[in-house]
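Here's the structure, in structure tokens; my notes come after.
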Amino acid sequence: MATVKELRDKITKSREELKAAVEAASAKWEDASAGDGDQRNPRQIAEHAIGADVRYAGSAAAILGGNPVAQSEISLASAKDAVEAITKLGPEVDKRFSWAEDRDLSKQRDGRSLESIMESAASHLAEHAAEIKK
């Protein structure tokens, strides 16, 4: 079982990977032509990944008794907008995870433990960073 610190570090690392992938995808921000008909463009992937990052933090906040991150519709017209959103929202997301202590990892809400939420948050960001890099 990972510690809260290890999980927070994984989330932060994965978010930085997403940020780097977004920056590298600037020239093909709206291009989904490389894959099959179901492939999303970097913009769509980033909008989804950033929104999910905020939702994972909301789930953690609900378990830990705190307020979720205030969020509005995420629409990222450019890679620069996405980097700014990651830079702005990342600390707010991290704040929710910072409330956790190791003893909280087994706490649950809607059938999911805090540990599984944090693991999912990290892997989800990493998966979408890899998807954008393709």
Residue by residue through region 5-14, the couplings from Karplus 6.51 cos²θ - 1.76 cosθ + 1.60 with θ = phi - 60°, in Hz, x for Gly and Pro, are 4, 4, 5, 4, 4, 5, 4, 4, 4, 5
Taking 0.36 nm per residue of separation between ASP9 and GLN108 and subtracting their Cα-Cα distance, the length gained on full extension comes to 33.5 nm
One finds, for GLN71 and LYS95 with R0 = 22 angstrom and r their Cβ-Cβ distance, a FRET efficiency to the nearest 0.05 of 0.95
In Å³ per residue, the alpha-carbon convex hull of the chain encloses 106 Å³
Given unit charges at Cβ for Lys, Arg (+) and Asp, Glu (-), the dipole magnitude of the chain about its Cα centre in debye, nearest 20, is 240 debye
In order over region 105-110: 3J(HN,Hα) from phi, Karplus 6.51/-1.76/1.60, θ = phi - 60°, whole Hz, x for each Gly or Pro, gives 4, 8, 5, 10, 8, 6
Measuring from the longest principal axis of the C-alpha atoms of the chain, the long axis of helix 42-64 (C-alpha) lies at a number of degrees, nearest 10, equal to 10 degrees
A correct Karplus calculation of ³J(HN,Hα) over region 127-134, with 6.51 cos²θ - 1.76 cosθ + 1.60, θ = phi - 60°, whole Hz and x for Gly and Pro, returns 4, 6, 4, 5, 5, 5, 5, 4
Per the helix-only model, the chain has a calculated mean residue ellipticity at 222 nm (DSSP H runs of ≥4, -39500 (n - 2.57) each, divided over all residues, rounded to the nearest 500) of -21500 deg cm²/dmol
Counting lysine pairs in the chain that sit 8 or more positions apart or on different chains, with Cα atoms under 14 Å apart, gives 9
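Readers should treat all values here as calculations from the given coordinates under stated rules, not as data from a laboratory. Remember, predicted model here, so these are calculated numbers, not experimental data. Glycine also receives a Cβ, built like all others from the backbone with ideal geometry; neighbour counts cover every protein chain displayed.
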